[in-house]
Amino acid sequence: MLRKLCLKITAAELAIYGSAIFFTTLFWILFYKNNNTEGNFVVYYAKLLIHSLIGGGEWFLILLGFSVFLYLYAMFFLSLARGIKPTIYFSRERLRNFIVVTRAKYLPPLIRFATPLVISFVLFGLNLSYINSLNASNLRDELLLSSDRALTGLYPFIFLGNIHYPKWAVEAVDFSFGSLPLFFAVFLIYLLFTKKDLFLEAATAFTMSLLVSLPFWIMIPAMSPHDRFIDNIYNLEINSETQKAIATYQPQAELRKFLEKIRESKNRLGNNAPTTTFPSAHIEWALLFAYYGFWSDKRLLFAILPLAILSSFGTIFFAQHYFVDIPAGVVIGAIAITIAKLLRQLAGYKIVRLTD
């Protein structure tokens, strides 16, 4: 019976499914370890993730609707050019064939590949809610800030924040910083339906970036410069040199507006502010986006690179990351890509039969 029900699964799928199982197990361990006493912030993170998924779903539906409109528009004028009735393209038979093709070609990969990836990401986010709580008394912010000072000779977030930029430039950085994850998700959906093998590698690299980053977020927890030094939300001690530097921080109105918006969204976390700056997930995702965009279609880089560069700049400009988070994110992203490629080369994405 098991032989009849056996699954055919690739090496990449094993990595994705394994990540989902790992994050599920970790979540329940942390859940029972904390006896769910911090349910409020877990609920907050759950709502935040659900909101992100809903927002991504809305954009996906908008893009899908726009694509359908373009298709109908093209078919209408094509029928006029050929001198045939437009209704021939919108008959019940065509609709039935469309449903059959969708169920056979697009629904299976959506369930088989995308679902475990989404589950991994959601559970990963919920795990971070517990990790942030546990790390609140073990912060390494001063270490990262001193590393920035040693490498650059200044405080990068203060230096960049004190430069006055055109309003449109700040808005462009804001848009890129906030929308990068969404566009990356849309890109993965595009790969899923057009280049499955490349999607599997990209999805594997994405899950590997989460797994490789997790130990650093646990061992080197740090709040953002915004939380720790600008607003100092926990009222922790700050050395005199850093205090003098912070006193010179005079961001322009658009930047202050962004910081106020971020602070308002984080206030609901209480004493559970994010402690996952090193390495930067934004940088990792920007690297993965650019790399797999290049291998998917080199022309995509004209759209992806500006988004990735501005988003990366925004990590420092908006005081959400330290400078050292950037090279760390690049290294982790490169490691994740290397692991994904090794899985592809070693296994060749050949089918692995799971039987009894």
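No value in this document is a laboratory result; all are computed from the given coordinates. Keep in mind the model is a prediction, meaning the values are calculated, not measured. Heads up, the Cβs are rebuilt from the backbone with ideal geometry, glycines too, and the neighbour counts pull from every protein chain shown.
Note that the range 213-267, at 37 °C in a medium of 0.692 mPa s, gets a Stokes-Einstein diffusion coefficient of 255 µm²/s from its Kirkwood radius over C-alpha pairs.
Ignoring aspartates and glutamates fewer than eight residues from K196 along the same chain, the ones with Cα atoms less than 15 angstrom from its Cα are E13, D297. Each of M208, M219 was scored by other Cβ atoms within 10 Å of its Cβ. Arranged with the fewest first, they read M219, M208.
Applying D = kT/(6 pi eta Rh) to the range 244-297, where Rh is the Kirkwood radius over alpha-carbon pairs, T corresponds to 20 °C and eta to 1.002 mPa s, the Stokes-Einstein value obtained is 148 µm²/s. Distances between placed amide hydrogens fall under 5 Å for Y249 paired with no residue 5 or more residues away or on another chain. Annotation: aspartates and glutamates with alpha-carbon distance below 13 angstrom to K257 (same-chain offsets under eight excluded): E171, D174.
Sorted from fewest to most neighbouring beta carbons within 10 Å, what does the list V118, V173, V212 look like?
Sorted ascending by nearby Cβ count, the order is V118, V212, V173.
Under 5 Å between amide hydrogens, built in the peptide plane, is the criterion, and for A222 it picks out R140, T276, T277, F278 among residues at least 5 positions away or on other chains.
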